[in-house]
Every structure is written in structure tokens, then in C-alpha cells.
Amino acid sequence: MTFAHLLEEAATAHAVADAARAKAYALDCVAWNTALFIGELDHTSPTIAAAIEGGFPLLEVRCEHCKHTEMIDLALVVQPRDRQVALMRSYLYCSPCQRTVGKKWRPELIGLRPLGDPQPAAPSRRTKKAS
Ligand SMILES: [Zn+2]
């Protein structure tokens, strides 16, 4: 086996492993979405890195007070990539509620979404006001 061939074999094996890992992460994301939906709140959430690599880089959140929903692009989040997505909740608050009633309500986590869902946004606390 030549050196060039070894490198090629290794590159192929890594590509296969990466694809398999991405699929595993995607399944973790779908499982966590399901856990949120059925109320299994103790289920461990994927990390930010896993959600991005698994193809679910958007976190959908909803304020129970004003029903405002928002898509948070995890790629833009300034958090350690090995942090669980579920812990994001502690860093978020509903910006419409803060503007209108002056309260920093924590939004509920709805689930991870693949790219292609409309209007991803940075976390509320980092969003510049449009007005
Ligand atoms: Zn709200």
C-alpha cells in the first residue's frame, strides 16, 4: 500500500465516521425534541456543537406570557460549544415582554430545528433593536 493510498483510505474512513457521527447527533436532536414534547424534561439535551453538527442549528423558543416565538441560531450564540442546549434557557429572556411590561421572562424551549426554518435570530439579549 502506497503512502498516497493510505492517506486516501484514511480520508475516506474519516468522512464515513463524520457522516455517521452527524447522523447520531441528528438522532439525539430528534430524541430531545420528542422528550420536550412529551415532557421528559430530565432527558439530557444535545450540546450546542452536536446540534450544529447534527444539522439542527436552530433552537425554537416561546414566551408563555406573550406567545412570542423566536428561532435562535446556535452558530451565533456566544456559549461554550460543549454546553448543553437545555442550559441556554438561563441565558434567554423574552425581549417583547421586557419592552412592554419590563419583565425578563424566561422562554420555554420548544425544540431544535434544521436550517431552512424561517427567520433565525441571535439570542434576544444580543439582538439590536430595529426601531
Ligand atoms: Zn413575552
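Looking at A26, A10, which is the one that is free of Cβ contacts under 8 Å to residues at least 40 places away in the same chain, farther than 21 Å from R113 by Cβ and surrounded by 10 or more Cβ atoms within 10 Å (Cβ to Cβ)?
On the way: A26 fails: farther than 21 Å from R113 by Cβ.
Sole residue among the options that is free of Cβ contacts under 8 Å to residues at least 40 places away in the same chain, farther than 21 Å from R113 by Cβ and surrounded by 10 or more Cβ atoms within 10 Å (Cβ to Cβ): A10.
With respect to the numbered conditions (1) β-branched (V, I, T); (2) closer than 22 Å to A35 by Cα; (3) within 16 Å of the ligand (Cβ to nearest atom), which one is the sole condition not fulfilled by T100?
(2)
Check M88 against each of (1) closer than 14 Å to L59 by Cβ; (2) more than 10 Å from the chain's Cα centre (by Cα); (3) of a type outside the set (G, A, S); (4) more than 15 Å from the ligand (Cβ to nearest atom) and name the one condition it does not meet.
Condition (2) is where M88 drops out.
Could you go through segment 101-108 and let me know if any residue there is surrounded by fewer than 16 Cβ atoms within 10 Å (Cβ to Cβ), part of a loop (DSSP other than H, G, I, E, B), of a type in the set (D, E) and on the phi < 0 side of the Ramachandran plot. Let's see the steps before the verdict.
Narrowing segment 101-108 to residues surrounded by fewer than 16 Cβ atoms within 10 Å (Cβ to Cβ): 101-104, 106, 108.
Imposing the further condition that a residue be part of a loop (DSSP other than H, G, I, E, B) reduces the set to 102-104, 106.
Adding the requirement that they be of a type in the set (D, E) leaves none.
No: zero hits.
Being over 11 Å from the mean Cα position of the chain (by Cα), within 25 Å of W105 (Cβ to Cβ) and more than 16 Å from the ligand (Cβ to nearest atom) narrows it down to one of A24, A35, A51, so name that one. Give the steps one after another, and end with the answer.
Working: A24 fails: within 25 Å of W105 (Cβ to Cβ); A51 fails: over 11 Å from the mean Cα position of the chain (by Cα).
None of the other options fit; the residue is A35.
Identify all residues within segment 87-96 that are buried (at least 19 other Cβ atoms within 10 Å of the Cβ) and either part of a loop (DSSP other than H, G, I, E, B) or modelled with pLDDT of 95 or more (or both); write none if there are none. Walk me through how you get there before you give the answer.
Residues of segment 87-96 buried (at least 19 other Cβ atoms within 10 Å of the Cβ): 88, 92, 94-95.
Within segment 87-96, L92, C94 qualify.
The values are calculated or read from the model by the stated rules, or taken from the named source; none is laboratory data. Note that the coordinates shown come from a computational prediction; the quantities given were computed from them, not determined experimentally. As a convention, Cβ positions derive from the backbone with ideal geometry for all residues, glycine included, and neighbour counts pool all protein chains shown.
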